[in-house]
Amino acid sequence: GGPLAWSQGLNVPSIGASMASIKLHRSPELARLQRSLQANMVLFDELVATAQRGAGFPLKVIRVGEAADAIKASAGILERGFYTSAVFFPIVRKGEAALRIMLRADNTLEDIRAFAAAVHDFVPGQK
């Protein structure tokens, strides 16, 4: 937030989100969600090749190559029911377009498998 965080009061939704976060961090639910997220990341890393494989982060970038191919892959995967953001120049270098995804704790193992299958079907080199 930089200067905005210090020069004005928080808005009501931000206060509510902060209070919910505090409540979650004080509950046993946090550990359960962390375990679920870790399991999802391990399964995803087994199924889909990314430069972030095994790094322990839920943000993944699936390299595609050309921008048009990333957009086409993103659209095909969306038709299967999964949203993924195509990123391309100027976000990344020309010729290094990719799909950006964020795994979550509430994804089921079946969701991860179905998403990986869609990636394999629409992303060249992920077969």
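The values are calculated or read from the model by the stated rules, or taken from the named source; none is laboratory data. The structure displayed is predicted, hence computed values, not measured ones. Counting neighbours? That spans all protein chains shown, and the Cβs are built from the backbone with ideal geometry, glycine included. Accessible surface areas use protein heavy atoms only, side chains included; no ligands, DNA or RNA. Shrake-Rupley method; radii C 1.70, N 1.55, O 1.52, S 1.80 Å.
The distance separating the Cα centre of the range 85-114 from that of the range 25-44 comes to 20 Å. Rolling a 1.4 Å probe across all protein chains gives Val42 an accessible area of roughly 80 Å².
Between Arg53 and Arg113, the simple spin-label model (points 7 angstrom out along Cα→Cβ) gives 2.0 nm. Under 19 Å of direct C-alpha separation, and excluding same-chain neighbours fewer than eight residues apart, Lys23 reaches these aspartates and glutamates: Asp106. In whole angstrom, the range 60-127 maps to an equivalent ellipsoid with semi-axes of 21, 12, 10, each derived as √(5λ) from the alpha carbon gyration tensor and ordered largest first.
Relative to its Kirkwood radius, the Cα radius of gyration of the range 46-87 gives an Rg/Rh of 0.99.
Just going by the charge dipole of the range 81-121, with Lys and Arg at +1 and Asp and Glu at -1 on Cβ, which of Phe88, Leu103, Ala116 is farthest out on the positive end? Checking the options against the dipole of the range 81-121, the answer is Phe88. Backbone amide hydrogens, once placed in the peptide plane, bring Val87 within less than 5 Å of Ala98, Leu99, Arg100, excluding anything fewer than 5 places away on its chain.
Once every Cα of the chain carries one equal point scatterer and solvent is ignored, give the base-10 log of I(q)/I(0) from the Debye formula at q = 0.17 Å⁻¹, two decimals. These q points yield log10 I(q)/I(0) values of -0.92. The slack in the chain from Arg35 to Arg93, taken as 0.36 nm per residue of separation less the alpha-carbon distance, amounts to 17.4 nm.
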